[in-house]
Amino acid sequence: MSIDLVHDIQKGFRTILHCMSRPGTIKSMEEFNDGIASFPEGLPATFITALTLLDREVSFALVGEQTKELGDMIAAYTMSVQESPSAAEYVFITKQATKEQIVNVFQEIKIGTLVNPQQSATIILETEFSNEKELTLEGPGIKTTAELSIANSKDWIEERRKANKEYPLGVDMILIDELSNVVCIPRTTVIKMCGV
């Protein structure tokens, strides 16, 4: 692996921060792909995201048809501990995850408390998305509205709404596609079906 563990990780962090502050904005992390020689099961941008967000003070979970090798690799590079989705601060849902697995994550994930809303989890979901007009996003960081199309949104959109119904409680989401694009949907963002 030829990832620069200082400069590349800082660039990755800035990309994620940019997307989190501007929900619905798609940014590329493709520049890091060549530095990742072989990444088992997951997408290269998922691994960069793991390197960016994880350290020994937080835990992560993997959901999907991932191999033990994937979890071991993330743990080795980040020194983070792998936990169940209900205990982890970061939950990575791989592209092989079933609808049932995704729904279960939203039902058991940490959403924080009124005293400590920051004790919630972040979901990193591997899926396909584009700026086509399927969903409308509204909320902080969006001037009027933003449009987004997400391949499996019908699998989890209602469960996300339930998890985020009592702000400041809720979960933030980072979506990653096969082209190493990233888009973020913070808990403050309201998602509506276009034309509804």
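The values are calculated or read from the model by the stated rules, or taken from the named source; none is laboratory data. Note that the structure is predicted; figures quoted are calculated from it, not measured. When we count neighbours, we look across all protein chains shown, and the Cβ atoms used for this are built from the backbone with ideal geometry, even at glycine.
Please determine, by comparing only the residues of the range 53-76 that are in a loop (DSSP other than H, G, I, E, B) and among the charged types (D, E, K, R), which one is surrounded by the most Cβ atoms within 10 Å (Cβ to Cβ). Only one residue fits best here, namely E65.
Residue count for the range 110-126 satisfying the condition of being in contact with a helix residue (DSSP H, G or I) (Cβ under 8 Å, 6 or more places away or on another chain) and crowded, with 17+ Cβ neighbours inside 10 Å: 8. Being touching a residue at least 40 places away in the same chain (Cβ under 8 Å), small (G, A, S) and closer than 30 Å to F32 by Cα, is that true of even one residue in the range 132-139? No, the range 132-139 contains no residue that is touching a residue at least 40 places away in the same chain (Cβ under 8 Å), small (G, A, S) and closer than 30 Å to F32 by Cα. So which residues in the range 130-155 are assigned to a strand (DSSP E or B) and among the aliphatic types (A, V, I, L, M)? Hits for the range 130-155 are L135, L137, A146, L148, I150. Of all residues in the range 182-196, those satisfying the criterion of being at pLDDT 95 or above and surrounded by fewer than 19 Cβ atoms within 10 Å (Cβ to Cβ) are T188, V190.
Scanning the range 77-98 for residues that are assigned to a helix (DSSP H, G or I) and either basic (K, R) or surrounded by fewer than 16 Cβ atoms within 10 Å (Cβ to Cβ) (or both) returns a single hit, Y77. Under the condition of being of a type in the set (S, T, Y) and either surrounded by 21 or more Cβ atoms within 10 Å (Cβ to Cβ) or closer than 17 Å to I123 by Cβ (or both), the residues counted in the range 138-166 number 1.
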